[in-house]
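Readers should treat all values here as calculations from the given coordinates under stated rules, not as data from a laboratory. For clarity, every value in this text was computed on a predicted model and none was experimentally measured. FYI the Cβ positions are ideal-geometry reconstructions off the backbone, even for glycines, and counts take in every protein chain you see.
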Amino acid sequence: MLQSPAAWLVIAAVLTSPLAGQNFPEEKTDSLTLTYLGAAGWEITDGTTTILIDPYLSRINGPPPPGGGSGHAVAGDTRPVYKWTDIARPDIAAIDAHIRRADFVLVTHTHYDHILDVPHIALKTRASVIGTESTENVMRAYSVPEEQLITVRGGEDYQFQGFSLKVIPSIHSPLDHKHYFSSATAPPGMKAPLTLEQMHPEGGTLAYLIRFPNHQILAFGGNNYIEREISGLEPDVVLMGAGASRKDIYDYTGRLMRDLHYPALVFPTHWDNFLAPYEASQQPALDALQSFLKEIAVASPKTRVIVPKYFEPIPLGK
């Protein structure tokens with residue numbers, strides 16, 4: 001049964017920030033604002049520069065990840081069902097309703113729930129797309145201009161106007177009870193439109209440390225990390241994978257909190273059912289998220305956890 005998005009934030013008050021569920025003011029140029037787009041997607045803006053991370057708003061009724069992951073079909077969904085051999089076109093209306101501008105798009109890896117909408121967004125906004133060679137080959141297939149593509153592999157540390165960006169080698173979520181493995185990369189020379197299979201090779205996974213003058217945000221696109229690559233970082237904000245597959249990682253939450261010196265604020269990411277339309281109830285995913293909130297409370301009691309609502313801006317302040 002489909003429900004309003006307003007119905008799906010029911011989190012124990014002791015484990016969430018008072019900020020969650022409020023109506024936030026319009027973005028200001030003296031503060032940083034985060035907005036959750038669903039799946040692993042985020043918008044970050046300081047009022048001057050807008051950065052998108054894995055923006056995926058189409059939420060097609062597509063193939064689920066191996067072993068189920070956080071995506072599964074929902075009862076009452078009458079939308080077309082896509083197979084791997086199908087060409088899935090982005091939901092332009094949904095994208096255009098919520099993405100009005102972007103200066104940079106950061107892509108953590110090339111799975112369709114991270115990249116399907118990026119070519120349209122890049123062509124619409126003329127944003128620079130930062131990602132692996134696999135990601136950029138998908139962009140090239142859709143004729144995104146070469147000057148908009150910044151290819152990275154992890155280890156780069158770049159200065160841009162108003163912020164800097166450290167590209168961090170990472171690793172994909174351990175889907176299918178640790179059986180997931182992929183060395184596939186989207187090849188050069190493809191021509192759009194692409195099938196889901198063509199645009200879905202992982203191509204390697206990245207995380208990003210985004211440094212603004214008053215905040216450092218560490219963004220993950222899934223439920224895993226390489227400990228040596230994040231050890232010593234001190235972000236005050238972490239977009240942290242909170243899907244069920246994290247439980248297949250040894251001391252996932254505890255190690256990450258310790259390595260990052262107990263960040264002030266955590267936003268769970270990639271925990272919702274991204275195969276469900278926005279208006280569907282996310283209550284089962286919210287119920288499953290409770291264990292993650294408890295893990296944070298035990299591992300890092302002073303860390304606030306905010307469970308975001310779709311498209312509700314959350315200001316971080318100065």
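Before moving on, here are some points about what is shown:
- In nm, spacing of pseudo-spin labels at residue 214 and residue 158 (7 Å Cα→C-beta vector): 2.6
- FRET E, pair residue 87, residue 297, Förster distance 30 Å, beta-carbon r, rounded to 0.05: 0.10
- Note, ³J(HN,Hα) from phi for the range 218-223, Karplus 6.51, -1.76, 1.60, rounded to Hz, x at Gly and Pro: 9, 10, 10, x, x, 10
- Close amide H contacts of residue 40 (hydrogens built in the peptide plane, cut-off under 5 Å, sequence separation of 5 or more or a different chain): 270.
- Taking only the Cα atoms of the range 171-318, the radius of gyration and Dmax are 16.6, 50 Å.
- Annotation note: trypsin sites (Lys or Arg not before Pro) in the range 80-179 located in DSSP loop regions with a Cβ neighbour count of at most 12 within 10 Å are 83, 100, 153.
- Distant-in-sequence amide contacts of residue 238, defined by a placed amide H-H separation under 5 Å and a gap of 5 or more residues or a different chain, comprise 218, 265, 266, 267.
- Seen from residue 105, the other residues with C-beta closer than 12 Å to its C-beta sum to a net charge of -2, counting Lys and Arg as +1 and Asp and Glu as -1.
- As a proxy for reagent exposure, ranking 274, 160 by other Cβ atoms within 10 Å from fewest up yields 160, 274.
- Only helices reaching 20 angstrom along their own axis (Cα) with mean Kyte-Doolittle hydropathy no lower than 0.5 count here, and for the DSSP H runs of the chain these are 283-299.
- Cβ-defined net charge surrounding residue 292, 10 Å radius [Lys, Arg +1; Asp, Glu -1]: +2
- For the chain, the Kirkwood estimate of the hydrodynamic radius, built from every pair of different alpha carbons, is 19.5 Å.
- Under the combined filter of DSSP loop state and at most 15 neighbouring Cβ atoms within 10 Å, the range 77-124 retains these chymotrypsin sites (Phe, Trp or Tyr not before Pro): 84.
- Choice from 248, 287, 236 with maximal GNM fluctuation in the chain (Cα, 10 Å cutoff): 287
- Amide hydrogen proximity for residue 160: with H placed 1.01 Å from N in the peptide plane, the residues at 5 or more positions away or on another chain lying under 5 Å are 165.
- Per-residue [θ]222 nm for the chain (sum of -39500 (n - 2.57) over DSSP H runs n ≥ 4, rounded to 500): -5000 deg cm²/dmol
- GluC sites (Glu not before Pro), loop per DSSP, at most 12 other Cβ atoms within 10 Å - longest free stretch of the chain: 27-278
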